[in-house]
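Reading through the structure tokens given below for one structure.
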Amino acid sequence: MAELLSRAQITHYCPLNKVIRQWSDRKKIVEEPLFTSYVFVKVSLKQRAELRKIDGIVNFVYWLGKPAVIRDFEIDVIKSFLSDHINVRLEKAQVNVRDLVRVINGPLMEMEGEVVAVNSKTVKVALPSLGFILAAEIQRENVEIVKVRNNQSAKESSNW
């Protein structure tokens, strides 16, 4: 697919997840597409019609009735996330408004996102235009609240 898109001069990206696979005699890290059957493309309106003519292209992903638009910084977040972590998992998510947080330490430092869930070790951060959550284990002390959902100031909140 990548070769066909390159020939058509379509800017594309297929996020590859490094996963550990166990064989009877060894373990090996292999790369698999993070989003099964998805390839991100950067196209103009004119290129959309041409894209549908390429073998293997079925359709665009729609979000709220329109082709999904993924911002450049979200693609950069995915690239960075996949370069820093292995065995990343996707969880289909209904995106809800949550507290906005910034990672203050570690490989995702300075990244901001909406918190979907927090437990003792894991913070799940939503990329809303994808409709998926990338989940990484981030120590709770390595995030700070930027904005609290219920109009409390961060210092008044007892959630953290």
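Take the conditions out of contact with any Gly (no Cβ under 7 Å at 6 or more places or on another chain), surrounded by 13 or more Cβ atoms within 10 Å (Cβ to Cβ), assigned by TED's automatic domain parsing to the domain that holds GLY113 and touching a residue at least 12 places away in the same chain (Cβ under 8 Å) and apply them to ILE75. Does it pass?
Numbers: out of contact with any Gly (no Cβ under 7 Å at 6 or more places or on another chain): yes; surrounded by 13 or more Cβ atoms within 10 Å (Cβ to Cβ): yes; assigned by TED's automatic domain parsing to the domain that holds GLY113: yes; touching a residue at least 12 places away in the same chain (Cβ under 8 Å): yes.
Yes; evaluated as a whole, the condition is true for this residue.
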Problem - Which numbered condition PHE60 misses (of (1) at pLDDT 85 or above; (2) under 21 Å from LYS124 (Cα atoms); (3) of a type outside the set (Val, Ile, Thr); (4) surrounded by 11 or more Cβ atoms within 10 Å (Cβ to Cβ)) - result: (2)
Problem - Output for region 28-68, where each listed residue is touching a residue at least 12 places away in the same chain (Cβ under 8 Å), assigned to a strand (DSSP E or B) and over 20 Å from the mean Cα position of the chain (by Cα) - result: ILE29
Exercise for the section: Take the residues in region 4-27 that are among the aliphatic types (A, V, I, L, M) and under 15 Å from SER83 (Cβ atoms), then tell me which one is farthest from the chain's Cα centre (by Cα). Expected result: VAL19
Practice task
Specify the residue that is surrounded by the fewest Cβ atoms within 10 Å (Cβ to Cβ); the eligible residues are those in region 10-52 that are acidic (Asp, Glu) and farther than 15 Å from LYS79 by Cα.
Solution key: ASP25
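The values are calculated or read from the model by the stated rules, or taken from the named source; none is laboratory data. As the structure is a computational prediction, the values presented were derived from the model and not from experiment. Don't worry about glycine lacking a Cβ; one is built from the backbone with ideal geometry, like all the others, and counts go over all protein chains shown.
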